[in-house]
Amino acid sequence: MTPSALPDPSHAAPAHPGAPYVSRPDVGTILVSPWVVSDPAQQRAAADSVVDSWERLDRPAAMLALTTLLSTDGSRVLNYAQWTNDEDHHAFVRTQRPALVRAIDDALPGIERPGLTRYRLYDSYRAPAAGSAVGAAVGAIVTGEFETAGPEAQRVLADTIHAGLRSAATPAPGLVAAHFHLSTDGSRVLNYVEWKEFDAWEAFNGSAAAKELADTVRALPDVTPLGPTLYRPYRSVVNVPAP
């Protein structure tokens with residue numbers, strides 16, 4: 001299946017000050033890295049340290065934006081970075097990142113970093129009711145992660161979920177958009193779903209439609225669901241305004 005056209009950028013830019021503009025057209029690579037904090041009291045401080053460090057940094061032109069999201073259980077900060085290309089990010093990792101991370105660790109010891117995953121945005125579904133005011137409505141982010149055994153399994157999974165959402169007799173109330181990210185190594189899919197509020201996601205998650213879609217996904221070969229994580233958008237650094 002060929003991916004459907006991504007949403008019109010004029011209808012996708014978020015108004016929430018901490019939410020990423022996921023489908024901005026100039027993004028060439030997306031770097032997603034969760035940070036795990038041992039104490040929920042450190043969660044906000046960890047996110048602030050990331051954003052404050054980037055605001056002080058002499059940022060590469062290839063770095064477009066960085067968004068931090070806070071998990072609702074207080075255990076994680078999700079860093080969602082958008083760059084134009086991988087090469088410039090690799091150069092940043094070699095030259096500037098070590099000092100940046102060292103300064104954060106000195107101020108906030110004990111942060112665990114399970115690792116960074118490189119993604120490409122493959123496709124997006126936008127709920128018909130979202131309209132052009134979608135950004136202002138995004139109050140909750142639910143990420144679904146999946147392990148996959150190669151690019152074909154990635155595409156089949158993303159296409160299956162997209163088709164399930166698109167073919168629903170009634171769109172899920174409160175759903176704004178779902179953005180399907182495929183890791184460059186073929187091993188992972190990130191479904192980044194925007195909702196108006198968590199109550200809307202909880203209502204959908206308990207519905208027959210959600211159960212049917214989950215059963216369909218579990219039946220796919222070479223796909224292992226890893227479960228959802230709930231986040232609230234927090235702070236962002238926009239280095240290059242979206243076109």
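The values are calculated or read from the model by the stated rules, or taken from the named source; none is laboratory data. This structure is a prediction, so every number in the text was calculated from the model and none was measured. Counting neighbours? That spans all protein chains shown, and the Cβs are built from the backbone with ideal geometry, glycine included. Surface accessibility is based on the protein's heavy atoms, side chains included, excluding ligands, DNA and RNA. Shrake-Rupley method; radii C 1.70, N 1.55, O 1.52, S 1.80 Å.
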Problem - Dipole moment magnitude, nearest 20 debye, the chain about Cα centre, only Lys, Arg, Asp, Glu C-beta charged - result: 220 debye
Fill in the blank from the handout: Computed from the beta carbon distance with a Förster radius of 25 Å, FRET efficiency for T216 and D185 to the nearest 0.05 stands at 0.50
Problem - Heavy atoms of R118: accessible area, 1.4 Å probe, square angstrom to 10 - result: 40 Å²
Exercise for the section: Run the accessible area of the chain with a 1.4 Å probe and give the carbon-and-sulfur part as a rounded percent. Expected result: 53 percent
Handout entry: Length released on extending from A61 to R94, taking residue separation times 0.36 nm less the Cα-Cα span
Key = 10.3 nm
Practice task
Pop out the ³J(HN,Hα) list for region 180-186 in order, Karplus 6.51 cos²θ - 1.76 cosθ + 1.60 with θ = phi - 60°, rounded to Hz; leave Gly and Pro as x.
Solution key: 9, 9, 10, 5, 5, 8, x
Handout entry: Solvent-accessible heavy-atom area per residue, rounded to whole Å², over region 133-211 at 1.4 Å
Key = 40 Å²
Completion exercise
In whole percent, the Cα-Cα distances of the chain spread across 10 Å bins from 0 upward as 7, 32, 38, 19, 4, 0
Fill in the blank from the handout: Placing each pseudo-label 7 Å from Cα in the direction of the beta carbon, A41 and V238 end up separated by a distance in nanometres of 3.5 nm
Completion exercise
With +1 on the Cβ of every Lys and Arg and -1 on the Cβ of every Asp and Glu, the dipole magnitude of region 153-243 about its Cα centre, in debye rounded to the nearest 20, is 180 debye
Practice task
Could you tell me the convex hull volume per residue, in Å³, taken over the Cα atoms of region 184-241?
Solution key: 135 Å³
